[in-house]
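Any read-out appearing in this document is the output of simple, stated calculations on the displayed coordinates, not a laboratory observation. All values derive from a computational prediction rather than experimental measurement. In this analysis, Cβ positions are derived from the backbone assuming ideal geometry, glycine residues included, and neighbour counts consider all displayed protein chains.
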Amino acid sequence: MTEKQLIQACCKRDRKAQRILYESYKDSLFMTCCKYSRNDTEAEDVFHDVFITILDKIKTYKGKGSFEGWMKRIAIFKSIDHYKSRKEIPMEIQENQLTEPSTELDLGRVSIDVILLAIQQLPDQYRIVFNLYQLDGFTHKEIASMLAIHEGTSKSNYHRAKALLRKSLAKEQMSTNKKTSNYGA
């Protein structure tokens, strides 16, 4: 079944086609939700809403641009909606948390799971801005509009997110290096 045929069948609410669509794209869409969520449980909640929205809005897909890209944008915006709907007080960041480690990171030794976990542990607004800018290619102007913040706030949050990630990943790298050197002793 071609992608076009799959979309047409999903528009007709064909359960088999919906299952194929789900199986084909669940991993990449779930990963998008994970990037914007604090943990896998939250990502699962958002992913559920994403897939319902995709099935509900599939008739609106006009065939312009990639279908996967269209679905990914739904995942991003649903994740942002989830973030905005929470009525929590933002986490306070101590200035000493923002100091950058002096060592360069060797990300080749850090697994993608560790990187994702470090991203998930960022304060909400930092995580959202980091993902939108660094991973999904939005401009700070677009991010500011989406999140109803100033462009300068977006830039500041992005730089603070990078500093926190560097610090977190440097700790992980030092921990990994210690484990490796202890095995060799």
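Some observations on this one:
- Annotation: peptides 148-156, 11-19, ranked by per-residue average of other Cβ atoms within 10 Å with the highest first, follow the order 148-156, 11-19.
- Linear extension gain, LYS12 paired with LEU117, 0.36 nm per residue minus alpha-carbon span: 33.9 nm
- Per-residue Cβ neighbour counts within 10 Å put THR53, THR32 in the sequence THR53, THR32, beginning with the fewest.
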